[in-house]
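Values quoted throughout were computed directly from the atomic coordinates according to the rules given, and no laboratory measurement underlies them. On a predicted model such as this, the values are computed, not experimentally measured, just so you know. All Cβ positions, even for glycine, are placed from backbone atoms using ideal geometry, and neighbour counts span all protein chains on display.
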Amino acid sequence: MVGKTVVADRAAERLCTLLVGTESLTLRTPDHRADLTGRHTVDRDGRLRLALPADSRIARHLLAAGEVAAQVEVTGLAPVPMRDRVRSRATLAGWLAVVDPGDTDVVVRLDLVTAELVDADGDAPVDPEDLAAARPDPLAAAEADLLRRLGDQRQQTLSTLARLVPAALRREARRIHPLRLDRCGLVLRLESATGHRDVRLPFSRSLRGPDQVPAEIARLLARCGSR
């Protein structure tokens with residue numbers, strides 16, 4: 001089944017999943033820019049929180065100003081090396097407010113005004129209230145490690161899974177990569193000499209957590225054996 005035929009999650013959920021699953025982002029204010037890695041979380045209200053080094057210029061500026069207009073840019077990359085690794089991009093704009101002026105980190109909250117998500121399903125605005133109500137895909141936090149583990153396996157495993165792909169697409173493929181993993185299935189990228197195609201292999205059920213992934217991969221491999 002080709003991925004495009006599967007109904008996509010709401011844009012708000014996809015954006016929430018991106019924020020939870022990515023490790024880095026770029027923060028911009030009128031006077032400063034900061035590239036942050038491992039310094040953001042999404043709280044229970046769906047709001048983005050950032051831990052800024054207390055000795056950074058942007059943190060000192062926020063402590064003095066109290067509230068600053070800001071834009072956050074997030075890029076979702078496939079964790080496995082491949083062509084065109086960018087899976088999605090998002091831009092969030094609003095106001096940064098200090099939550100905890102700690103000695104080591106200054107924790108700030110983004111009070112969202114606008115958000116936009118660009119991914120395989122197109123360009124979609126995301127309402128702040130929808131994002132606040134959204135929950136990430138249950139595999140979001142573990143997806144990168146799971147895909148790396150699958151990518152580190154022999155190419156034969158991925159080639160076997162590709163038996164579930166329409167033959168016309170499979171014949172052109174020179175290399176196969178695990179591109180995306182969510183509660184609904186696994187997406188493979190089939191690279192050819194002239195480009196690539198992304199194909200979704202649906203799971204037999206909607207998963208509740210990462211611990212259920214191995215059994216579903218085993219079911220997919222079993223289906224390959226019957227072909």
Charge context of residue 54, other residues only, Cβ under 14 angstrom, K/R +1, D/E -1: -1
Per-selection Rg to Rh, the chain - Cα, Kirkwood hydrodynamic radius: 1.04
Most mobile listed residue (74, 113, 165) in the chain, GNM with C-alpha springs under 10 Å: 113
Residue of 140, 59, 115 that the Gaussian network model of the chain assigns the largest fluctuation, springs spanning Cα pairs under 10 Å: 59
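For the stretch 3-133, how big is the tail of P(r) above 22 Å, as a whole percent of Cα pairs?
Tail of P(r) above 22 Å: 36 percent of Cα pairs.
Determine the calculated [θ] at 222 nm for the chain from helices alone, applying -39500 (n - 2.57) to every DSSP H run no shorter than 4 residues and normalising by the residue count; nearest 500 deg cm²/dmol.
Helices in the chain give a 222 nm mean residue ellipticity of -7500 deg cm²/dmol.
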Of 163, 44, 85, the one that fluctuates the most in a GNM where the chain has Cα springs shorter than 10 Å: 44
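Sort the following peptides by mean Cβ neighbour count (other Cβ atoms within 10 Å, averaged over residues), highest first: 119-125, 130-136.
Taking the mean over residues of other Cβ atoms within 10 Å, the ranking is 130-136, 119-125.
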Kirkwood Rh and Cα Rg combined as Rg/Rh, the stretch 143-225: 0.94
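Would you work out if the stretch 178-227 is rounded, prolate or oblate? Take a ≥ b ≥ c from the square roots of the eigenvalues of the alpha-carbon gyration tensor; rounded if a/c is under 1.5, else prolate when a/b is larger than b/c, oblate otherwise.
Details: a/c = 2.89, a/b = 1.55, b/c = 1.86.
Verdict is oblate for the stretch 178-227.
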Within-10-Å neighbourhood charge of residue 216 [Cβ basis; K, R +1; D, E -1]: +3
Dipole axis of the chain (+1 Lys, Arg; -1 Asp, Glu on Cβ), positive-most option in 63, 218, 48: 218
